[in-house]
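Visitor: Dropping the structure in here first, questions after.
No lab work stands behind these numbers, since they all come straight from the coordinates. The model shown is predicted, which means the values in this text are computed figures rather than measured ones. Note: ideal-geometry Cβ built from the backbone for every residue, glycine included; neighbour counts use all protein chains shown.
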Amino acid sequence: MREIACDVAVIGAGTAGIAAYRAARKAGARTLLIEAGPGGTTCARVGCMPSKLLIEAASAAQAARDAGLFGLHVPEVGIDGRAVLERVRRERDRFVRLVFEDLETFPDGERIAGRARFLDRDRLAVGEDLRVRFRAAVIATGSSPAVPKPLAGLGARVLTTDTVFELPDLPRTLAVIGGGPVGIELAQAMARLGIETTLIEGGRSLAGLSEPGLVAEAAEIFGRELTLHLETEVEAAEADCDGLRLRWCAPRGEPREARFERVLAAAGRPPNVTGLGLEAAGLDLDGSGVPRFDPGTLRCGDAPVFVAGDANADRPVLHEASRQGGIVGVNAAALAGHGGSEAPRRWPPLALVFTHPQAGRFGAAYDPEAGDGRLTGRASFADQGRARIAGTNAGGAVIFADRSGRLLGGEMLGPGAEHLVQGLAQAVWDGRTVQDLLDRPVYHPTLEEGLSDALRQIGSSIS
């Protein structure tokens with residue numbers, strides 16, 4: 001049995017783990033990075049990069065279909081599913097390779113391959129033959145896709161975000177379970193690639209939106225391209241020749257069923273915390289087995305353990321994982337006796353969904369109980385000049401501010417949301433007011449002009 005010691009042990013070499021390792025090491029801590037595989041980061045391997053590659057292929061197909069709006073005549077769009085997926089994998093593998101090449105630059109002896117588990121508050125077992133004594137530890141083990149219980153045991157007929165990009169060809173029919181950011185992105189992309197697509201969602205919302213007006217608008221917009229079943233749960237599934245048959249109840253209780261070639265489970269990615277021995281570390285766990293943590297420092301109670309990235313199930317997106325990794329790396333190093341640098345602050349919430357139109361949220365969430373303590377402004381893209389020029393005039397924006405006019409947050413469903421929402425999130429970070437934004441120049445004609453109505457509505461309500 002071999003035993004080694006370090007200041008900071010980082011479990012997981014994804015986005016959060018790599019950022020934590022670098023931050024702790026920069027602070028002067030002896031740092032160890034432990035990875036059980038497959039590595040390559042969730043984003044590059046099965047998340048944001050391959051999904052965006054698929055979305056871009058779908059967008060190209062849709063742009064060809066929509067060319068008639070501009071007086072252009074494109075022959076019938078032919079889709080080579082094998083070629084689409086081959087490009088997705090080829091470019092995906094390039095992104096993954098770059099991550100691995102980066103890891104290869106880490107010093108020998110600071111990377112260990114193996115599955116780690118806590119033995120107590122300051123020791124880890126890695127495999128069967130290694131013990132690691134640490135002064136602080138970071139859990140950055142990422143997440144894995146959930147498969148709803150009715151779909152268990154149906155083998156390759158059930159796809160997840162970890163397997164969908166390995167398909168040799170596109171299916172003819174597809175059911176997507178889950179209308180959150182990943183589910184709606186992939187469902188719309190598949191529909192635009194010529195697949196007969198049905199989306200089944202247990203709630204009323206799509207794309208992570210919560211403001212009632214935008215929720216209703218999202219259902220209307222996406223329902224033009226997809227068969228939507230909202231407030232619906234799959235009750236049973238069974239193999240049917242080379243496909244499968246799903247059964248569900250409509251909101252009014254009517255039984256429904258349909259056959260699909262494949263089903264994509266997009267109902268979330270729970271944290272990878274099973275088998276880590278978190279109880280042995282003395283951590284306080286929630287009902288899902290995830291350690292409770294301080295939202296600012298990301299420390300788990302008074303234990304010398306921190307949790308970052310998808311492993312804490314707080315904000316499971318790449319930029320948050322990277323930021324949280326930097327926070328816990330500095331804090332873990334300080335706990336291990338290597339202080340001197342201040343950990344970064346957490347960013348305001350920021351989430352984007354790359355559908356068409358795009359969806360996004362920033363800062364404070366919609367709160368139906370906010371009452372008079374919050375001012376609200378609304379804007380529509382339905383007749384917005386720049387959006388109408390491009391034929392993307394759909395959706396709207398809702399912006400929240402406090403009674404003094406300080407920007408709090410908002411939601412958006414519309415063209416260019418990936419840029420508009422980021423600018424608004426930065427304004428929240430800077431503590432800007434609505435008047436600050438109205439006083440800034442906005443070029444004409446741009447999508448940014450579309451936010452002016454919402455900002456002016458708030459401005460006129462400030463007491």
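Visitor: Can you tell me the orientation of helix 15-26 relative to the chain, as the angle in degrees between its alpha-carbon axis and the longest Cα principal axis, to the nearest 10?
Guide: So the helix axis and the longest Cα principal axis differ by about 40 degrees.
Visitor: Now a separate question. Could you pull out every residue, at least 5 positions away or on a different chain, whose amide H is within less than 5 Å of the one on residue 240? Hs are placed 1.01 Å off N in the peptide plane, and Pro or chain starts have none.
Guide: So residue 240 has HN proximity to 245.
Visitor: Note down the net charge around residue 145, summing +1 for each Lys or Arg and -1 for each Asp or Glu among other residues with Cβ under 12 Å from its Cβ.
Guide: Net local charge, residue 145 excluded: -1.
Visitor: Moving on to the next point. Can you give me the distance in nm between label points at residue 259 and residue 452, each placed 7 Å from the Cα along the Cα-to-Cβ direction?
Guide: 5.7
Visitor: Per residue of segment 154-160, in order, report the coupling 6.51 cos²θ - 1.76 cosθ + 1.60 (Karplus, θ = phi - 60°) as ³J(HN,Hα) in whole Hz, putting x for Gly and Pro.
Guide: 9, x, 5, 5, 9, 9, 10
Visitor: Turning to a different aspect of this structure: If you fit an axis through the alpha-carbon atoms of helix 212-222 and take the longest principal axis of the Cα set of the chain, what angle between them do you get, 0 to 90°, nearest 10?
Guide: Tilt relative to the chain: about 70 degrees.
Visitor: Still on this model: If you project the alpha carbons of segment 350-461 onto the principal axes, what extent comes out on each, in Å, largest first?
Guide: 37, 27, 22
Visitor: Between residue 220 and residue 93, what FRET efficiency follows from the Cβ-Cβ distance if R0 is 25 Å, with the result rounded to 0.05?
Guide: Plugging the Cβ-Cβ distance into 1/(1 + (r/R0)^6) gives 0.05.
Visitor: Quote the FRET efficiency, to the nearest 0.05, computed for residue 156 versus residue 383 with a Förster distance R0 of 35 Å and r equal to the Cβ-Cβ distance.
Guide: 0.15
Visitor: According to the square roots a ≥ b ≥ c of the eigenvalues of the Cα gyration tensor, what is the shape class of the chain, taking rounded for a/c under 1.5, prolate for a/b larger than b/c otherwise, and oblate for the remainder?
Guide: Judged from the Cα gyration tensor, the chain comes out oblate (a/c at least 1.5, b/c at or above a/b).
Visitor: A further question follows. Full extension from residue 133 to residue 429: what is 0.36 nm times the residue separation minus their Cα-Cα distance, to one decimal in nm?
Guide: Numbers: separation 296, 0.36 × 296 = 106.56 nm, distance 3.86 nm.
Gain on stretching residue 133 to residue 429: 102.7 nm.
Visitor: Another question, if that's okay. Could you sort 175-182, 213-220 so that the peptide with the highest average Cβ count within 10 Å comes first and the rest follow in order?
Guide: Per-residue mean Cβ counts within 10 Å order the peptides as 175-182, 213-220.
Visitor: Please express the Cα-Cα pair-distance distribution P(r) of segment 216-287 as a list of whole percents, one per 10 Å bin, running from 0 to the bin with the greatest distance.
Guide: For segment 216-287, the pair-distance distribution reads 14, 30, 26, 19, 12, 0.
Visitor: Further, regarding this structure: Taking the chain as the reference, fit the longest principal axis to its C-alpha atoms, fit the long axis of helix 452-461 to the helix C-alpha atoms, and give the angle between the two in degrees, 0 to 90, nearest 10.
Guide: Compared with the principal axis, the helix lies near 80 degrees.
Visitor: In nm, to one decimal, how far is the residue 249 label point from the residue 236 one, both placed 7 Å along Cα→Cβ?
Guide: The answer from the label model is 1.3 nm.
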